[in-house]
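Inspection log for the structure reproduced underneath, given as structure tokens.
The values are calculated or read from the model by the stated rules, or taken from the named source; none is laboratory data. Because the structure is a prediction, the values reported are computed rather than measured. When we count neighbours, we look across all protein chains shown, and the Cβ atoms used for this are built from the backbone with ideal geometry, even at glycine.
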Amino acid sequence: MLVMPRAIPMGYGQQPYDRFVIDVEGEDDGGRPVVVAREDGPRWRLGAEGQALGRIRYRVDVARMEREIQSASDSSRARLGYLSLLGYSVFAFIEGAEDRPARLEAQFGMEGDPLRLETEAGEILLHGVIDRVDVDALGQLRVIDYKTGSSRLEMRDLEEGRRLQITVYGLAAEGMLKLGRLTEGVYWKIRQAGPSALKLEALNYVSEAGKHYAGVNGAADLVRDYIGNYVAGIREGDFRPRPPEGGCPAYCPARLFCWRYQPA
Ligand code: SF4
């Protein structure tokens, strides 16, 4: 099965990428052509059930993609270079994951029950939309969030509680949407057409308090702990300012008075 992303949000609209894919061909492991059938959605079935595939080829009509994506909305016209890059980048990602059907824009808690997260501060209710979930034949999940900027996507951004989003998505995909068992989580850096160094499965972190967090389950515990702390701090009115790495930006409106802050 060859699976393409159906669409990706950009600017104010969405683009169905699979309509730019043409001339899909396949060969079995002996180099003989196999039957290619377009299925519903961005999927192509290649060969008969159980037939081994040796090669899949397809072409992307890049000229058409650029033409149509770039004229998709006013916001798109303002970012010509970026949008063509976005298209190449998403195809690059799919190249490495053709055997894993993708679920795109998976909503959780947007209608009906929210995601319920048990924390030290009590139950926290969350909702959101997951850019992409891959599910393999064993029911293992890889959760992906597309990022246009590439800052704060290192492991320490998870370890130090600045980048919690993908873990929440993983909890929602596994526990609430019941799509399978979470085994991987990553941010896809669109401009670099590559994955982030922050990978949930690679987490191996010992906090200052001596608590060890490892892998996707450790990431879930870590994120519960951080969210619980943040919510408890908000409830106590603790909004103490913390200068960012590299110093405070000149445009921060709190620059002249934040140093006077004292916790209640
Ligand atoms: S000046 Fe702004 S950025 Fe710097 S610590 Fe204060 S609030 Fe934070």
Using the structure shown, decide if residue 185 is in the same structural domain as residue 160 (by TED's automatic domain parsing), surrounded by 10 or more Cβ atoms within 10 Å (Cβ to Cβ) and within 17 Å of the chain's Cα centre (by Cα). yes
In the stretch 132-172, residues that are aliphatic (A, V, I, L, M) and within 13 Å of residue 227 (Cα to Cα) total 3
Of the residues in the stretch 249-260, those that are more than 8 Å from the ligand (Cβ to nearest atom) and assigned to a loop (DSSP other than H, G, I, E, B) come to 250, 251, 256, 257
In the stretch 230-248, anything part of a loop (DSSP other than H, G, I, E, B), within 25 Å of residue 205 (Cα to Cα) and more than 16 Å from the ligand (Cβ to nearest atom) is listed as none
Looking at residue 72, is it part of a loop (DSSP other than H, G, I, E, B) and modelled with pLDDT under 55?
yes
Flagged in the stretch 220-263 as among the β-branched types (Val, Ile, Thr) and surrounded by 14 or more Cβ atoms within 10 Å (Cβ to Cβ), in numbering order, are 223, 227, 231
The residue that is nearest to the chain's Cα centre (by Cα), considering only those in the stretch 199-223 that are aliphatic (A, V, I, L, M) and closer than 20 Å to residue 126 by Cα, is 200
Cβ pairs under 7 Å, 6+ apart or interchain, first in the stretch 225-251 and at positive phi, second more than 10 Å from the ligand (Cβ to nearest atom), ordered by first then second residue, are 237/264
Checked the stretch 111-136 for anything within 20 Å of the chain's Cα centre (by Cα), aliphatic (A, V, I, L, M) and more than 12 Å from residue 176 (Cα to Cα); matches are 129, 130, 133, 135
inquiry  = Given the condition assigned by TED's automatic domain parsing to the domain that holds residue 166, in a loop (DSSP other than H, G, I, E, B) and away from the ligand (no atom under 16 Å from the Cβ), answer yes or no: does some residue in the stretch 217-229 qualify?
reply    = no
Residue count, the stretch 23-68, condition within 23 Å of residue 103 (Cβ to Cβ), at pLDDT 80 or above and of a type in the set (Gly, Ala, Ser), comes to 1
